[in-house]
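The values are calculated or read from the model by the stated rules, or taken from the named source; none is laboratory data. Keep in mind that what you see is a predicted model, and the values were worked out from it rather than measured. Note: ideal-geometry Cβ built from the backbone for every residue, glycine included; neighbour counts use all protein chains shown. Ligands, DNA and RNA are excluded from the accessible area calculation, which covers all protein heavy atoms including side chains. Shrake-Rupley method; radii C 1.70, N 1.55, O 1.52, S 1.80 Å.
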Amino acid sequence: MNEQLQQFLTGRIWLREHTPFPREVIDAHIDSGHIHLKPGITTYSKSNLFWQSNKRVCNRCHNMKPSLFQTFNCARCNKVCTYCRHCIRMGRVSSCSQLLLWDKQHARGANVHVFAWSGQFTAPQQKASEELLSSVEQNQSHLVHAVCGAGKTELLFPAIFASLQAGKRVCVAAPRTDVILELFPRFQKVFPNTAIHALYGSAPDQHGFAELVLATTHQLYRFEQAFDVVFVDEADAFPYHADETLQKAVTKAAKQNAAIHYVTATPTESLKTTNRSILTRRYHGHDLPVPRFDSLWGYARQLNKGKIPHKLQKWINEKIDSKTPFLIFLPTIEVLENFPGDLPRVHAEHPDRKELVLQLREKKIPGLLTTTILERGVTIENVHVAIVGAEQPIFTSSALIQISGRVGRSAQYPNGDIVFFHHGISREMDKAQDAIEGWNRS
Amino acid sequence: MTCLICGNPYQSMATWTKIFLYELDSSTCIRCLEKFEISQSTIDFTDFLGTPYEGAVDSVYCLYTYNEAMREYLHQYKFLQDVALAKVFARKLQQAFHTKEGIVVPIPMHPEKLVLRTFAQVDELLNAAQISYQQLLIKTKSETQGKKSKKERLKTTNLFETIQTIEATNYILFDDIYTTGATIHHAAKILKDAGAKRVDAITLIKG
Ligand SMILES: [Zn+2]
Ligand SMILES: [Zn+2]
Ligand SMILES: [Zn+2]
């Protein structure tokens, strides 16, 4: 048996042509039963008296949406072949592709884990952390409901350390690459002896067997029955919440019966766990800044005409004059791109996103226009925030809570302006404001 | 409709135009289509003056420039093998071929490369645009063009061979990208030498 192959494939479901081992090595392990093969796409025929229909499923990402399959005349298998468009960025899976799964003894880590964290928990953090640890030890699913800026990543450390010491394989998954990039160096510091892989869209190759895997939920398409313990951070974030295949990916990546734990500031109602902890205070103990509502009647028409509404212009000028960094959230990419003036702007497809956020943090630019892409994960000291068109459907209560959560995160500047500019108050705006006021009271 | 490129829902064109113009269904939203840039440049053949390829090609028409959006498109279409994206330019190609008369001949792939890619990217663009064509050429050399200098490309003889008789009529070569022009000139010369009266070329992209 090839140990490197075992380490590579343990817990994975991997496209044969992307496996970095020679053909003969893979063939030998298929023959010896170490590797189990699955076809890329499975087609189920359903027929009754009147019609016959084919239902397809991608065996990697479990996509079943007919519109995301494409059929073509394949020059490799010389048949009419079908491939999955949903997970195509990870290498195309088609009817004639082979997916490899490791079918024998799993690889194991050999490290003696070290816990190098010297931080201090506040009393509520301590309590939540202990509750989570106890759930993890009993393998019961747990939800940590913590307000933005409560210091929720640290809460995971004791539970992760205990699991690693027990010889378990642990995964921390989050919907967004930015979050994984932020977590990776922190985890490397806290668990200096542990083999950690950080997996996201353009991640470099990482070798050997990782006892701790940080991954975007997308990357979990490529795992199957891999983890004893799974934590999902920001479980309500786009696209995880909206994409059923990502939720299935998390379940698929966990070993059978392994409990899945969630951490979020804005849990959706569909999130059901056995246990739960609630953390309503920020780590610095100050109240959350409460959003204020301010009418900006007809802002869409004015922006269309190339004019910044008076109140908004005044708000911008105040921030620039007082050298306060600011973010302005806009409802669509079109509004963002057509926004008058030359304020820098970012959206999901923007290549310089990270660079511009950094420039704002270093005060090289006064402020930034953004879509909801920056609703979570970014921390900018003393930032003030305005939402333009807060009544629009894209700004759900959870998006509004996350955006409000950008303000007042540092102990030095625990306050700051968060304003919802609107053309009529929506229920979601009320819900967000109520939730934040509720946390402050409790 | 769901856009093939960005995956977002969008409004398809009013249906009456489709009925009257027999237009193909659109597949891509306006926002994504607008990112492609129409090519304005005219192709000159001065590089080929005084070579055996002088006069082999009568005209070349390229639809788009090679910009960032096109780079991403080609990456997904060719490298990620997303055959579905052949439909993105179907309408534009159909319009382009309407203006020219002749037998459409796609530039072929080497058979070994075809098996690796699993589909012929040039043929699939034509299929999606419902343009009929004849495969009159086969590729005889498999080494990739990209690694060679312009001079080397021109020197390489017999990149293609004809596999059917060529008539004294008009032909339209079609390729995905026109870079140095060597490929198109090679193919055109083979056709002309075999008796073609006129050889025009259309490519999706001016590289
Ligand atoms: Zn798939
Ligand atoms: Zn095939
Ligand atoms: Zn689009």
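Results for (1) open to solvent by less than 40 Å² (accessible area, probe 1.4 Å); (2) in contact with a helix residue (DSSP H, G or I) (Cβ under 9 Å, 6 or more places away or on another chain), shown as yes or no for each residue.
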| site | (1), (2) |
| --- | --- |
| A:K38 | no, no |
| A:Q52 | no, no |
| A:P66 | no, no |
| A:K79 | no, no |
| A:T82 | yes, no |
| A:S94 | yes, no |
| A:Q98 | no, yes |
| A:N111 | no, yes |
| A:A123 | no, no |
| task | Among the residues of the stretch B:106-140, write down those that are among the charged types (D, E, K, R) and open to solvent by 70 Å² or more (accessible area, probe 1.4 Å). | result | B:E112, B:K113
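In the stretch A:305-328, what residues are touching a Ser or Thr at 6+ places or on another chain (Cβ under 9 Å) and in a helix (DSSP H, G or I)?
Keep residues of the stretch A:305-328 that are touching a Ser or Thr at 6+ places or on another chain (Cβ under 9 Å), which gives A:311, A:318, A:327-328.
Scanning the stretch A:305-328 gives A:K311, A:E318.
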| said: Going residue by residue through the stretch B:34-54, is there one that turns out to be in a loop (DSSP other than H, G, I, E, B), within 16 Å of ligand 1 (Cβ to nearest atom) and either surrounded by fewer than 18 Cβ atoms within 10 Å (Cβ to Cβ) or among the β-branched types (V, I, T) (or both)? | reply: no
| request: Scan the stretch B:77-87 for residues that are without any contact (Cβ under 8 Å) to a residue 12 or more places away in the chain and in contact with a Lys or Arg (Cβ under 8 Å, 6 or more places away or on another chain) and jot them down. | output: B:L80, B:D82
| message | For the stretch A:94-153, which positions are β-branched (V, I, T) and not in a strand (DSSP E or B)? | response | A:V112, A:V114, A:T122, A:V136, A:V147, A:T153
| Selection from the stretch B:81-105 of residues that are within 14 Å of chain A (Cβ to nearest Cβ), under 15 Å from B:L204 (Cα atoms) and open to solvent by less than 10 Å² (accessible area, probe 1.4 Å) | B:L85, B:A86
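Here's the yes/no breakdown for (1) surrounded by fewer than 17 Cβ atoms within 10 Å (Cβ to Cβ); (2) part of a loop (DSSP other than H, G, I, E, B):
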{"residue": "A:A242", "(1), (2)": "yes, yes"}
{"residue": "A:A258", "(1), (2)": "no, yes"}
{"residue": "A:T266", "(1), (2)": "no, yes"}
{"residue": "A:E337", "(1), (2)": "yes, no"}
| message | For the structure I just gave you, tell me whether A:C74 is within 14 Å of chain B (Cβ to nearest Cβ) and within 16 Å of ligand 1 (Cβ to nearest atom). | response | no
| field | Tally, over the stretch B:108-130, of residues that are among the aliphatic types (A, V, I, L, M) and more than 10 Å from chain A (Cβ to nearest Cβ) | value | 5
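Considering only the stretch B:134-156, state which residues are β-branched (V, I, T) and modelled with pLDDT under 65. Please lay out each step first, then the result.
Pass one, the stretch B:134-156, residues β-branched (V, I, T): B:138, B:140, B:144, B:156.
Selection gives B:T144, B:T156.
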| Condition met for A:T370 (modelled with pLDDT of 90 or more, of a type in the set (S, T, Y), open to solvent by 30 Å² or more (accessible area, probe 1.4 Å) and more than 17 Å from the chain's Cα centre (by Cα)) | no
| Verdict on B:E72 being within 14 Å of chain A (Cβ to nearest Cβ) and in contact (Cβ under 8 Å) with a residue 24 or more places away in the chain | no
| Of all residues making up the stretch A:77-106, the number that are away from ligand 1 (no atom under 14 Å from the Cβ) and β-branched (V, I, T) | 1
| message | Can you tell me how many residues within the stretch A:407-421 are open to solvent by less than 10 Å² (accessible area, probe 1.4 Å) and not aromatic (F, W, Y)? | response | 4
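Taking the stretch B:55-80 only, how many residues are open to solvent by less than 60 Å² (accessible area, probe 1.4 Å), in a helix (DSSP H, G or I) and farther than 18 Å from B:T180 by Cβ?
Total satisfying the criteria: 5.
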| Regarding A:F72, is this residue farther than 26 Å from A:G201 by Cα and in contact (Cβ under 8 Å) with a residue 12 or more places away in the chain? | no
